[in-house]
Amino acid sequence: MQFENVIETRDELRDIIPPPAPTSRAAMKDIDHIDDICRRFIAASPFLIMATRGGDGLFDLSPKGDPAGFVQVLDEETLAIPDRLGNNRLDTFQNLLIDPSIGLIFLVPGNGMTLRVSGTARLVRDPELCQRFVVQGKAPKLVVVVTVEHAFTHCTKCMTRSSLWEPEGWPDLAGVPTLAEAIAEHAKALESVGEIDAIIKTDSQNRLY
């Protein structure tokens, strides 16, 4: 598709939206470690989104969730994130083997703030570390260890606009496709939507750890 007035340089962008003042709160809030504020937020977070980049240059975003506090702060510069059972595609992990750059967004239900962390990551199988993440008697096969380079909080405007934590603002789900419908269509599955839905429900109940 063709568009007019496509922005192509930083100067063009900043002509439209000026940068924050060097001494403003927005400019000064970026830190290079996990302080007590970040630590407390991470301890309350049951969900994050992990961004990585593959060899093709495309970015991949992967949701990760577990009981609140599932991400451990090993020290001011190091986070540890356990792997859990999934679909075995391993897009994120294969990306990290090519490019260790990583970005994380932490969310806490009901809290409008989000925490953004970026740095580099390694895939670690250290038995002692894996044992720190045992759930229902099962340890993860590996842990993503993140070396933190940047950390800062985002304001609540996106949550306010989206009504993400306000049920009265949630959209009607009647027209939203189910995961079973999506798999049936995108994967050209031989099973019916009903059969796929039953598989998904069984998997969600019996294959979490």
Selection from region 159-188 of residues that are within 17 Å of residue 105 (Cβ to Cβ) and open to solvent by less than 60 Å² (accessible area, probe 1.4 Å): 159
Write out, first by first residue and then by second, each pair whose Cβ atoms fall under 6 Å of each other, whose residues are 6+ apart or on separate chains, and whose first residue, in region 185-209, is within 13 Å of residue 87 (Cβ to Cβ) while the second is open to solvent by 100 Å² or more (accessible area, probe 1.4 Å). 200/179
For residue 191, indicate whether it is assigned to a loop (DSSP other than H, G, I, E, B) and surrounded by 11 or more Cβ atoms within 10 Å (Cβ to Cβ). yes
Are there helices (runs of 4 or more DSSP H) fully within region 1-105 with at least 1 residues that are open to solvent by less than 50 Å² (accessible area, probe 1.4 Å), out of contact with any helix residue (DSSP H, G or I) (no Cβ under 6 Å at 6 or more places or on another chain) and closer than 30 Å to residue 128 by Cβ? List them. 36-44, 91-98
Cβ-Cβ under 8 Å pairs, at least 6 apart or on other chains, region 1-29 side of a type in the set (Val, Ile, Thr), far side open to solvent by 100 Å² or more (accessible area, probe 1.4 Å) and modelled with pLDDT of 90 or more: 7/16
List every residue pair whose Cβ atoms sit under 7 Å apart, with the two residues 6 or more apart in sequence or on different chains, where the first one lies in region 154-183 and is farther than 30 Å from residue 30 by Cα and the second, anywhere, is open to solvent by less than 80 Å² (accessible area, probe 1.4 Å) and assigned to a helix (DSSP H, G or I). 178/197; 179/200; 180/193; 180/196; 180/197; 180/200; 181/193; 183/196
Being without any contact (Cβ under 8 Å) to a residue 24 or more places away in the chain and closer than 18 Å to residue 143 by Cβ is true for just one of 46, 63. Which residue is that? 63
Do we find a residue being at pLDDT 95 or above and in contact with a Pro (Cβ under 9 Å, 6 or more places away or on another chain) anywhere in region 90-108? yes
What is the one condition in (1) of a type in the set (Ser, Thr, Tyr); (2) within 19 Å of residue 141 (Cα to Cα); (3) over 14 Å from the mean Cα position of the chain (by Cα) that residue 24 does not satisfy? (2)
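The values are calculated or read from the model by the stated rules, or taken from the named source; none is laboratory data. For clarity, every value in this text was computed on a predicted model and none was experimentally measured. Backbone-built Cβ (ideal geometry, glycine too); neighbour counts: all protein chains shown. For the accessible areas, the whole protein counts, side chains as well, though only heavy atoms, and no ligand, DNA or RNA atoms are used. Shrake-Rupley method; radii C 1.70, N 1.55, O 1.52, S 1.80 Å.
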